[in-house]
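Undergrad: Before anything else, here's the structure in question.
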Amino acid sequence: MKLNGSDYHRPDVQHNNSLTTMTILDGKKVSNDIKDEITAEVKKMKDNGEKVPHLAAVIVGNDGASLTYVGSKVRACERVGFESTMVRLSNTTSEIELLDKIEELNNNEDIDGFIIQLPLPPQINTQKVLMAVHPDKDVDGFHPMNFGKMALDMSTFIPATPFGILELLDRYNVDTKGKHTVVIGRSHIVGRPMSILMGRKGFPGNSTVTLTHSHTKNITQIISQADIVISALGVPNFLKAEMVKDDAVIIDVGITRVPDETLPKGYKITGDVDFENVSKKASYITPVPGGVGPMTIAMLLKNTLLARERHRLL
Ligand code: GUN
């Protein structure tokens, strides 16, 4: 199975007497295209003697996955020519200490945008922290003001993972109008915003959305009626081929570390979707890794570029 080619056609597979073609939504390729576009913008800024965008990332504690993600975000900044700052705080950091750091970043004119990597240790109230980030620097789009603007179709920072999914659907011209989109999982970072965005006017959007979660009854029946499935559950191989209809569009947001001693890292990244079998029925599908994951980072960079442009105009 070819995972990284942008278009992987399987004209050999037939369903309902129609010739089905399956396309891999190649997040690795598209995210590289976006990074190239941003690099060109940054070059123009430099050539004009302008300040380049500066992203800061705050990480509290030593969670392995969070450190990996933040490391990738910092490397991506270097790749496109942004400045970046990583702020590392100990696992025992108090809420007040973190709020002080946020105030410092809010007031630092050199920093265009910053993120607080989640999850935070239990002594810290996440909502309180996210509300302390100045909305103009909130490149994660998690502040209630930005989240509200998103729901009201106003210009704002859209959370990076949902933004990345929209961008993939857009660049592959996946039809969403009038389709039934089923979102699995209602997290504040992915499921909830995704359910709002897919129902908004415009493209990608104009979908009829069902947001499913742990209390949803008949979830398999609902999924079987979906034209588009967006799975953000974090349960490896949850979505099986027999659960989806022919030609469905499958977006896999799962990135669970599953122990695998045969690999040097000792784990492998596994999505929510049984890719091997679901891909035989899908019209479009995102692989894991190489699908939604790299898009998240590219869209964080895009939001940081947007923050810089806005600050320049202030
Ligand atoms: N933890 C998991 N995903 C994200 C994200 O998109 N942003 C932040 N800040 N933390 C996360």
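Undergrad: With both partners inside the chain, how many of the DSSP beta bridges are antiparallel, as a percent to the nearest 5? Before the final figure, lay out each step's value.
TA: On the way: 6 of 36 bridges.
Antiparallel: roughly 15 percent of the beta bridges in the chain.
Undergrad: Now, a different point. Indicate the gyration tensor shape class of segment 234-314 (rounded, prolate or oblate), computed on the Cα atoms with a ≥ b ≥ c the square roots of the eigenvalues: a/c under 1.5 is rounded; otherwise a/b larger than b/c is prolate and the rest oblate.
TA: Details: a/c = 3.76, a/b = 1.60, b/c = 2.34.
Oblate is the answer for segment 234-314, as a/c is 1.5 or above yet b/c matches or exceeds a/b.
Undergrad: While we're on this one: Calculate how steeply helix 64-80 sits against the longest principal axis of the alpha-carbon atoms of the chain, using the helix alpha-carbon long axis, and give the answer as 0 to 90 degrees to the nearest 10.
TA: 80 degrees
Undergrad: Turning to a different aspect of this structure: With just the Cα atoms of segment 148-239, tell me how far they stretch along each of the three principal axes, in Å, largest first.
TA: Principal-axis extents of segment 148-239 (Cα, largest first): 36, 25, 21 Å.
Undergrad: Follow-up. Between 0 and 90 degrees, rounded to the nearest ten: what's the tilt of helix 160-171 against the longest Cα principal axis of the chain?
TA: Its long axis makes an angle of about 50 degrees.
Undergrad: Of all the Cα-Cα pairs you can form in segment 77-159, what percent are over 19 Å apart? Please report the intermediate quantities before stating the final value.
TA: Details: 1419 of 3403 pairs.
Considering segment 77-159, 42 percent of its Cα-Cα pairs are separated by more than 19 Å.
Undergrad: Report the Rg/Rh value for the chain, based on alpha-carbon coordinates and the Kirkwood definition of Rh.
TA: Numbers: Rg = 19.9 Å, Rh = 20.4 Å.
Here the Rg-to-Rh quotient is 0.97.
Undergrad: Over all alpha-carbon pairs of segment 162-207, lay out the pair-distance distribution in 5 Å bins, whole %, shortest bin first.
TA: Over segment 162-207, the share of Cα pairs per 5 Å bin runs 5, 26, 32, 27, 9, 1 percent.
Undergrad: Can you give me the pair-distance distribution of segment 26-110, C-alpha pairs, 10 Å bins, whole percents?
TA: 15, 37, 31, 15, 1
Undergrad: So how much slack lies between Gln127 and Lys29, counting 0.36 nm per residue of separation and subtracting their Cα-Cα distance, in nm? Present the calculation step by step, with values, prior to reporting the outcome.
TA: Values: separation 98, 0.36 × 98 = 35.28 nm, distance 3.44 nm.
Stretched out fully, the Gln127 to Lys29 stretch lengthens by 31.8 nm.
Undergrad: A further question on this structure: Starting from the amide H of Arg200, placed 1.01 Å from N in the peptide plane, find each other amide H under 5 Å away whose residue is 5 or more places distant or on another chain.
TA: Those lying under 5 Å, H to H, from Arg200 are Asn206, Ser207.
Undergrad: Hey, for a label at Lys46 modelled as a point 7 Å past Cα toward Cβ, could you say which residues of segment 259-301 have their backbone N under 20 Å away?
TA: 298, 301, by backbone N distance to the label point.
Undergrad: Quick one: which of Lys35/Lys177; Lys29/Lys149; Lys101/Lys177; Lys43/Lys280; Lys128/Lys302 span more than 32 angstrom between C-alpha atoms?
TA: Among Lys35/Lys177; Lys29/Lys149; Lys101/Lys177; Lys43/Lys280; Lys128/Lys302, the Cα-Cα distance tops 32 Å for Lys101/Lys177; Lys43/Lys280.
Undergrad: Here is a further query. If I histogram all Cα-Cα distances within segment 171-314 using bins 5 Å wide from 0, what percent of pairs lands in each bin?
TA: Bin by bin from 0 Å, the calculated values are 2, 10, 16, 21, 20, 13, 8, 5, 3, 1, 0.
No lab work stands behind these numbers, since they all come straight from the coordinates. Since this is a predicted model, take the numbers as computed values, not measurements. Don't worry about glycine lacking a Cβ; one is built from the backbone with ideal geometry, like all the others, and counts go over all protein chains shown.
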